[in-house]
Amino acid sequence: MRHMDEDAPSGEPADGHEPPQDVSRHIKERVRSRYGALARAAGRRAAAAGCCGGVPPAEGGSGDRGDSASRSCCGGGVSKADPVSGTFYDRAVVGGLPAGVAGFSLGCGNPTALVELVPGEVVLDLGSGGGLDVFLAARRVGPAGKVCGLDMTDEMLALARENKRQAGIDNVEFLKGDIEDIPLPDGSVDVIISNCVINLAADKSRVFSEALRVLRPGGRFAVVDTVFQGDKALIPKSMMEDTLSWCQCVTGALEEGEYLAGLRGAGFVDESLKVIQVYEAGVLPAGVRLTSGFVRARKPGAGPVHERPATSRDLPSARRLLTESGLPLDGLEDQFEDGFAVAAARGVSGGDCVVGLAGLEAYGRHGLLRSVAVDPAWRGRGVASALVSSKLDRARAAGLEAVWLLTDTAPDYFPRFGFERVDRAEAPAGIDSSPEFAGACPLTATLMVARFAAAPRA
Ligand SMILES: C[S@@+](CC[C@H](N)C(=O)[O-])C[C@H]1O[C@@H](n2cnc3c(N)ncnc32)[C@H](O)[C@@H]1O
């Protein structure tokens, strides 16, 4: 680990020892000054590269996309020892962006790779820096959606706007403002992303309550940030009072429990944190370590959820839901557009986000109910129940004799819909050779059937 002062921009005091109250009083100006200097340096490198090539890797930017080990977090201060998440930005994902745009990241992860974004959504990036995550999110939400990058540093905004011009991406906007006082109306955003920024804020609880305010009911908070594991109180006072260490995304970080409690305290629900990278201990004492984590939460309130037939565009969301739920993907595509339905939550600009899935495959006069999966953030709110009921209604209306299902994990859930356990030998022809049946583990999967009263038994 480098010494914290090693890469202090010129003009910034290398030794920032101050009493804690001064750390918080002056921190915003220190942060602005540091990131202003990094943006100016990036601008100079871009000008030097001119038309003859990309921006070389340099302090403050992740540079070579293929060399994840060279990546810095917030422009230095920690080095990576135990990469949990692999590379942050896949070469293919940043493909098509000018080298200088793709090569400037001061983040500690890639929130756009971790969050689900769907066409038409409105996304807000807190502390957008040079704009890389804004541009990647903009591709995902498409022309019907929009991504807004918010940053308080003029030089960063200038860099981001120049990057926007070079990248030729229209559905983005960069706004000047403070993440502790977001200049957007209530309920105007579907998804908040952020990359290594909230740790820099002096008043995190204001950031969380502002994030909650601007999200629509049911809106998602999905950020990457530095987070301490262990006891932050073990860190020496001298280090905690070092403003440069704060500006480098180290000492302003919250402990895992503090992060989740802060979100809960602001009014978020379904909060979770997954460590994606662990940094070398360096000067940190035993008993505490710095990580970057993917933090997710949701604003309460369902927002309108509607059911609609699945289309091939829903396949990526369907695969994600099934993988998250540990359900098989075998034969998913076979009857996807004929037999599957999705539950979708409507975004602020009218786009929809897939939060639930259920399929009914037809095999002669029998149906196979499969792939009943709901996004963890939407569980317990009747989404699965509505999907299953409507699939059974359709099966009845289509004159099917019975609907079958295989389940490893939920044999106690389905009896409420009229399903009963049966021996696998009872599976009728067609069902017994379906891809899901063929792929299911005979030892653990339970076969269940709901027979329709008016129809003769199978
Ligand atoms: C570590 S950089 C991360 C930039 C970008 N998210 C990325 O991944 O490259 C932090 C950015 O957040 C901005 N920032 C820090 N504190 C802020 C605040 N309170 N309000 C708005 N922007 C802030 C800085 O100007 C800087 O651009």
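The table for this structure:
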{"read-out": "Per residue Cα convex hull volume in Å³ - calculated over region 284-405", "value": "153 Å³"}
{"read-out": "Calculated from backbone phi, Karplus (6.51, -1.76, 1.60) coupling profile of region 429-445 in Hz, x at Gly/Pro", "value": "4, x, 4, 5, 10, 5, x, 5, 5, 5, x, 6, 6, x, 7, 10, 7"}
{"read-out": "Estimated distance in nm for a label pair at Met239 and Val283, the labels positioned 7 Å out from Cα along Cα-to-Cβ", "value": "0.8 nm"}
{"read-out": "Virtual spin-label span in nm between Arg381 and Glu307, 7 Å along Cα→Cβ", "value": "1.7 nm"}
{"read-out": "Order of Met156, Met448 under a 10 Å beta carbon neighbour criterion, fewest first", "value": "Met448, Met156"}
{"read-out": "Net charge contributed by nearby residues that have their C-beta within less than 15 Å of Gly145 (K/R +1, D/E -1)", "value": "-1"}
{"read-out": "Fewest-first sequence of His366, His26 by Cβ atoms within 10 Å of each Cβ", "value": "His26, His366"}
{"read-out": "Length added when fully stretched, Ala398-Arg206, from 0.36 nm per residue minus Cα-Cα", "value": "63.7 nm"}
{"read-out": "Loop trypsin sites (Lys or Arg not before Pro), region 356-458, which have at most 11 other Cβ atoms in a 10 Å radius of their Cβ (DSSP)", "value": "Arg457"}
{"read-out": "Along principal axes, Cα extents of region 107-155, largest first, whole Å", "value": "30, 21, 12"}
{"read-out": "Derived scalar couplings ³J(HN,Hα) [region 315-327; Karplus, 6.51 cos²θ - 1.76 cosθ + 1.60; whole Hz; x for Gly, Pro]", "value": "4, x, 5, 5, 4, 5, 4, 5, 5, 4, 8, x, 9"}
{"read-out": "For region 305-451, size of Cβ-based charge dipole, Lys and Arg +1, Asp and Glu -1, in debye", "value": "480 debye"}
{"read-out": "Interatomic Cα distance distribution for region 197-320, bins of 10 angstrom, percent", "value": "12, 37, 27, 15, 7, 2"}
{"read-out": "Built amide H within the under 5 Å cut-off of Asp352, gap 5+", "value": "Gly347"}
{"read-out": "Residue exposure sequence - Asp154, Asp133 - by fewest surrounding Cβ within 10 Å", "value": "Asp154, Asp133"}
{"read-out": "Positive-end residue, region 299-458 charge dipole about Cα centroid, Cβ charges, pick of Trp404, Ala384, Ser312", "value": "Ala384"}
{"read-out": "Spin-label proximity, Asp334 to region 354-373 - amide N less than 20 Å from point 7 Å beyond Cα toward beta carbon", "value": "357-373"}
{"read-out": "Spin-label pair Tyr413/Glu324, simplified geometry with 7 Å Cα→Cβ offset, distance in nm", "value": "1.3 nm"}
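Read-outs: derived from the displayed coordinates by stated rules, not from any lab. None of these values were measured; they are calculated from a predicted model. Neighbour counts are summed over all protein chains in view; Cβ atoms, including those assigned to glycine, are modelled from backbone coordinates with ideal geometry.
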